[in-house]
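Engineer: Here it is: the structure, laid out below.
The values are calculated or read from the model by the stated rules, or taken from the named source; none is laboratory data. From a predicted model like this one, the values you see are computed outputs, not experimental measurements. All Cβ positions, glycine included, derive from the backbone under ideal geometry; neighbour counts span all protein chains shown. Surface areas here come from the heavy atoms of the whole protein model, side chains and all, with no ligands, DNA or RNA. Shrake-Rupley method; radii C 1.70, N 1.55, O 1.52, S 1.80 Å.
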Amino acid sequence: MAGICISSSRLLPKNFRTISLSNLSRINYKNKSHWARHYAAVSRTAISNTSVSKHSRQNSCLWVPRRNPEPCYFHTSRFLRNEIREIKVPQLAESLSEGDIRWDKAVGDQVAEDEVICQVETDKTAVPVHAPCAGVIEEILVEDGATVNPGMSICKLRVGGTAKESAPKEKAAAPPAEAPAAKSGPPAAPSEADVSAPPPSSPPPIPPKPSAPQASKPVSSIKIPVTPTPLPPGQAESTITGTRTEQRVKMNRMRQRIAQRLKEAQNTYAMLTTFNEIDMSNVIEMRNRHKDAFLKRHNIKLGFMSAFVKASAYALQDQPVVNAVIDEGEIVYRDYIDISVAVATPKGLVVPVIRNLEKMNYADIEKAIHALGEKARTGALAIEDMDGGTFTISNGGVFGSLYGTPIINPPQSAILGMHAIVERPVSVNGKVEIRPMMYVALTYDHRLIDGREAVLFLRKIKAAVEDPRIMLLDI
C-alpha cells in the first residue's frame, strides 16, 4: 500500500517485519484519532494483542509476521492505555493568580472525557477543571480547599482505566480499618438484671418539721435535703452532645470577597436610602394581556424584571449623576448604561452585567437576563460577565422581602432594591381600593448624589413602571 514504509533493519526474528507509521499518508482525522490501513499476516484479534511501542506517531511501529499478509485496519490515539497523565490548573483570568480547589471526584472514580473533576473557586467565580480524556482518578495531589495556582499539578489520571482496577487496592486497605472499629465498638448494653430491677419502694425521706416558728430562723440556715435521681449511664452526655454541637467550615473565596467589598462600601461611602411605592396594576395587566404573544414571538416569557431594568435605564439617562462615580477626586460620567443584576447562587451572590441597555427593548432585556441567569445557576459565569457595571438592581421580592435597604456595589454610586408585590388598600382618586403594591428603595452615595437627584430618579422609575408609555413619549 502506498504510504507505508516497511523496514527490516532491526534485529528481529526472520519471520517478523517492522511496519513504521512515520510515512503514513491518507490518514483520516476524526475525534483526535488516526485511522490507517496496513498489511499484516494475522487477523484483527491477533493484531490487537500485538504490542505497539510507546513512541510518538512518527516513531511508532508494529511487529507482525511476514507470512501470508492480508489487509487489515488498526486504530491509534494520542493517549496510551494505562498511561498516567497529570492534570494541571487551567489559566485563570488576568486579574486572578490563585484560587481554592473543591473536588467533585475522589480517588478511584471513573471520569469521561471533558467531565468536570474539580472546581477552582476564585474571588468572583468558580473555574471548572475538565478531564482531558476518559480514565480513572489515580491520585489526588492537592487536598480539598487548598490554594492552587495556574499550571500547578493537582491529580493523576490513568488513561482508559476502569473503576474495577482500583477496587482491589481499596479492598486490600479495608481489613486494617476494620480492626480498630472492632475495638472502638458501641458500649455494652445493660444487663437483664439491671433492666428488670424494681424501682425503689420507699419515697425519699421527708424533712423533719421545725419545732420553732419559721420566722424565728434565718432563711440561709434552712437546708432541705435533696436526693439526686441517677440517670442511665451516658444519657446526660448524649443529650448535651446532640443539642450543642458546632461545626467549622472554611469560608470560600467568593464569600470572603463579598464580605470584604460590602464592608469597604460601608466604610467608604456616605450611604443614604430613600423609599417609594409602585402600583403594579398596569404592569400586571400588560403582562397578562401580551405574555402569550410575547412568548410566541420571542420564545421567552415576559417577566417584571425587564420593566424595572428598562425603567432604570430611562431614569439613568434623565439623571446622569446617578450613573457617575467618584475616582480619586474626580467625577467620571459615563455615556453608556451597564446594569448589574444581582443573582443568588448556592455559593454566594453574583452580579452579572447587562451592557448597553440604552439600546435594548423589553425582549432584548428578557433574553439577556435569562441567559445570564442560566449561566449563574450552572456555574458557567466568566469573569468578563461580571466586570464593570454602572448601576445595580437587587430583587429581594422573589424571596418574600417586604422592605429593606440594599448596600451599594462598589465602585458604583447607587443600587435599586425591589421587594415583594403585596395587595394593600391605597387611595385612588379619593377612593380606597385594593391594589398590588411594591416598595422600592434606592441607596445612593451622598458624597456625589444629592437628595433631590435621588428622589427625582426614584420617582422617574416609579412613573416608567406604572405607565411605560411615558418612555415612548419621552416625557
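Engineer: Please identify every one of the trypsin sites (Lys or Arg not before Pro) in region 247-312 that sits in a loop by DSSP and has no more than 10 other beta carbons within 10 Å of its own beta carbon.
Structural biologist: Qualifying residues, ordered by number: Arg248, Lys250.
Engineer: Per-residue accessible area for Thr243 at 1.4 Å probe radius, Å² rounded to 10?
Structural biologist: Number for this one is 110 Å².
Engineer: For region 93-141, build the convex hull from the C-alpha positions and give me its volume per residue in Å³.
Structural biologist: Measuring per residue, one finds 79 Å³ for the Cα hull of region 93-141.
Engineer: In addition: GluC sites (Glu not before Pro) within region 313-408: which are DSSP loop residues with at most 12 other Cβ atoms inside 10 Å?
Structural biologist: Hits after loop and neighbour filter: Glu328.
Engineer: Taking the Cα-to-Cβ direction at Phe399 and at Ala420 and moving 7 Å from each Cα, how far apart do the two end points lie in nm?
Structural biologist: 1.3
Engineer: Let me ask something additional. Report Arg459's accessible area, 1.4 Å probe, all protein chains in place, as a number in Å² to the nearest 10.
Structural biologist: 140
Engineer: Here's a follow-up. Using a 7 Å offset from Cα along Cα-Cβ at Arg459, what residues in region 278-294 end up with backbone N under 11 Å from the label point?
Structural biologist: It comes to no residues whatsoever.
Engineer: Arranged from highest to lowest average of other beta-carbon atoms within 10 Å per residue, in what order do the peptides 277-283, 345-351 appear?
Structural biologist: The packing order, highest mean first, is 277-283, 345-351.
Engineer: Kirkwood Rh, Cα Rg: Rg to Rh for region 269-391?
Structural biologist: We get a ratio of 0.99 for region 269-391.
Engineer: Which of the three applies to region 406-475, rounded, prolate or oblate, going by the alpha-carbon gyration tensor with a ≥ b ≥ c and a/c under 1.5 meaning rounded?
Structural biologist: Prolate, since a/c reaches 1.5 and a/b exceeds b/c.
Engineer: Need the full-extension length gain, Glu433 to Arg255, defined as separation in residues times 0.36 nm minus the C-alpha distance. One decimal, nm.
Structural biologist: Full-extension gain reported as 59.7 nm.
Engineer: Now, a different point. For region 337-402, what does the equivalent ellipsoid look like in terms of its semi-axes, each the square root of 5 times an eigenvalue of the Cα gyration tensor, given largest first in whole Å?
Structural biologist: In descending order, the three semi-axes are 18, 15, 12 Å.
Engineer: Within region 326-475, how many Lys pairs that are eight or more residues apart, or on different chains, come under 27 Å at the alpha-carbon?
Structural biologist: 11
Engineer: Let me ask something else. Based on the alpha-carbon set only, what is the convex hull volume of region 288-333 divided per residue, in Å³?
Structural biologist: 97
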